[in-house]
Amino acid sequence: MEMAEDWPEPIVRVQTLADDGAVPERYIKPPSERPDLNPVTALATGSLPVVDLAGLSGGAEERLATMLAVSGACRDWGFFQVVNHGVSPELMEGMREVWRSFFQLPMAEKQAYANSPKTFEGYGSRLGVKKGAILDWGDYFFLQLSPHSIRNYDKWPVLPASLRAMTEAYGEELEKLCGVIKKVLSATLGLDEGFLHRAFGEAGACVRVNYYPKCPQPDLTLGLSPHSDPGGMTVLLTDHNVKGLQVRKGDDDWITVEPVPGALIVNIGDQIQVLTNATYKSVEHRVVVNAATERLSVAFFFNPNDDLPIQPAAELVTPEAPPLYKRLTFKEYKLFMRMLGPGGKSHVDLVKST
Ligand code: OGA
Ligand code: NI
């Protein structure tokens, strides 16, 4: 698959549509893909498993209980919330505030950072380059943080003045947290702590700030269509007052996540599914929008190095459990999302070995 040079049609910022009376045709999902927002028939909201990471520095028993909680959550949900994660509340609040201010800047200021499908870095309003695709009700800002050699400050907004330092500091804390989670996941797979560290190599990290404007007809569209995250793992900072994230549980149940104040949401990406030969699976999720208010989230993606081949680890492959996936680098794999856009779990299917 080749990288596209440009978008197939002019980009419309969803933010400019928020005050219209109706959702334009291009954002209207087919009936089977629309969310059920009726409080009577829709499923109740659910709290994802909450893991207290303070348990990792406790005694042997507490440590084991924490590990078991993580491994249970990964097997049952592919998602969990973490508390006592070490990321400072001031930075979490600061990130929300500074990026909310960014999206409130005049349009001309933001347009200076308009992105292209070449790297996706900058201000964007779609994933995928399929002409005529039905679009999602959200704008975003995407930045590559690591390896530092590919950090390109030309793409970073100069306003608000504190955005750059805030985002750098947040990125550093999140990389530390992902380092801890990497070890925990390795150990819960019955492998040595360094397993994922070696498999990821010099990791990549990027951040996508999602901005979902309020929507006149939220039952017709989605803020972000069903997808699994292509990378290694994701840590999501959500708007604690506005729900929107839904996680697929079972065949057709979408559970609305109830954010726990101060928590961060962790989920497994496709690369961990491939590396663990599906012991841990990435799980589909989507975002619903609402008529009353905008919503902001900050997704921190922690990924294997772009150029390392990713394949089921020898330690997890046996004659009874043969490798389920073909080998691909993350640089190759991420083109699926970039070219095809969100597609449920269909991208993982593209690397199945048979
Ligand atoms: C993502 C994502 C969820 C949200 O950015 O990949 O799934 O709540 N975001 O914005
Ligand atoms: Ni996602």
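The values are calculated or read from the model by the stated rules, or taken from the named source; none is laboratory data. Predicted model only: the values in this text are computed from it and were never measured. No Cβ is skipped: glycine too gets one built from the backbone with ideal geometry, and neighbour counts run over all protein chains shown. Accessible surface is based on the protein model in full, side chains and every heavy atom, while ligands, DNA and RNA are left aside. Shrake-Rupley method; radii C 1.70, N 1.55, O 1.52, S 1.80 Å.
Do we have Glu315 as away from ligand 2 (no atom under 14 Å from the Cβ), open to solvent by 20 Å² or more (accessible area, probe 1.4 Å) and without any contact (Cβ under 8 Å) to a residue 40 or more places away in the chain here? First the steps, then the outcome.
Values: away from ligand 2 (no atom under 14 Å from the Cβ): yes; open to solvent by 20 Å² or more (accessible area, probe 1.4 Å): yes; without any contact (Cβ under 8 Å) to a residue 40 or more places away in the chain: no.
In short, no.
For the stretch 98-117, indicate whether the set of residues that are acidic (Asp, Glu), surrounded by fewer than 17 Cβ atoms within 10 Å (Cβ to Cβ) and either touching a residue at least 12 places away in the same chain (Cβ under 8 Å) or in a helix (DSSP H, G or I) (or both) is non-empty.
Start the filter on the stretch 98-117 by keeping residues that are acidic (Asp, Glu), which leaves 109.
Imposing the further condition that a residue be surrounded by fewer than 17 Cβ atoms within 10 Å (Cβ to Cβ) reduces the set to 109.
Next, from what is left, pick out any that are either touching a residue at least 12 places away in the same chain (Cβ under 8 Å) or in a helix (DSSP H, G or I) (or both): 109.
Yes: the stretch 98-117 contains one or more residues that are acidic (Asp, Glu), surrounded by fewer than 17 Cβ atoms within 10 Å (Cβ to Cβ) and either touching a residue at least 12 places away in the same chain (Cβ under 8 Å) or in a helix (DSSP H, G or I) (or both).
Which one of these does Asp136 not meet: (1) within 30 Å of Asp253 (Cβ to Cβ); (2) open to solvent by less than 20 Å² (accessible area, probe 1.4 Å)?
(2)
Can you tell me which residue among Leu185, Leu222, Leu159, Leu174 is open to solvent by less than 20 Å² (accessible area, probe 1.4 Å), touching a residue at least 12 places away in the same chain (Cβ under 8 Å) and touching a helix residue (DSSP H, G or I) at 6+ places or on another chain (Cβ under 7 Å)?
Values: Leu222 fails: touching a helix residue (DSSP H, G or I) at 6+ places or on another chain (Cβ under 7 Å); Leu159 fails: open to solvent by less than 20 Å² (accessible area, probe 1.4 Å); Leu174 fails: touching a helix residue (DSSP H, G or I) at 6+ places or on another chain (Cβ under 7 Å).
After applying the criteria, what remains is Leu185.
For the list (1) more than 25 Å from Asp19 (Cβ to Cβ); (2) part of a loop (DSSP other than H, G, I, E, B), I need the number of the one condition that Leu222 fails.
(1)
Among Ala165, Ala199, which is the only one that is open to solvent by 30 Å² or more (accessible area, probe 1.4 Å) and away from ligand 2 (no atom under 16 Å from the Cβ)? Before the answer, list the steps.
Values: Ala199 fails: open to solvent by 30 Å² or more (accessible area, probe 1.4 Å).
None of the other options fit; the residue is Ala165.
Just give me the residues in the stretch 259-300 being within 14 Å of the chain's Cα centre (by Cα) and either open to solvent by 20 Å² or more (accessible area, probe 1.4 Å) or of a type outside the set (A, V, I, L, M, F, W, C) (or both), in sequence order.
The initial filter retains those residues of the stretch 259-300 that are within 14 Å of the chain's Cα centre (by Cα), namely 264-272, 282-287, 296-300.
Once the filter is applied, which keeps residues that are within 14 Å of the chain's Cα centre (by Cα) and either open to solvent by 20 Å² or more (accessible area, probe 1.4 Å) or of a type outside the set (A, V, I, L, M, F, W, C) (or both), the stretch 259-300 yields Asn267, Gly269, Asp270, Gln271, Ser282, Val283, Glu284, His285, Arg286, Ser297.
So, Val242, is that one part of a loop (DSSP other than H, G, I, E, B), touching a residue at least 12 places away in the same chain (Cβ under 8 Å), within 12 Å of ligand 1 (Cβ to nearest atom) and among the aliphatic types (A, V, I, L, M) or not?
yes
On the given criteria, is Gly231 open to solvent by less than 10 Å² (accessible area, probe 1.4 Å), under 10 Å from the mean Cα position of the chain (by Cα) and within 13 Å of ligand 2 (Cβ to nearest atom)?
Values: open to solvent by less than 10 Å² (accessible area, probe 1.4 Å): yes; under 10 Å from the mean Cα position of the chain (by Cα): yes; within 13 Å of ligand 2 (Cβ to nearest atom): yes.
Spelling it out, Gly231 is indeed open to solvent by less than 10 Å² (accessible area, probe 1.4 Å), under 10 Å from the mean Cα position of the chain (by Cα) and within 13 Å of ligand 2 (Cβ to nearest atom).
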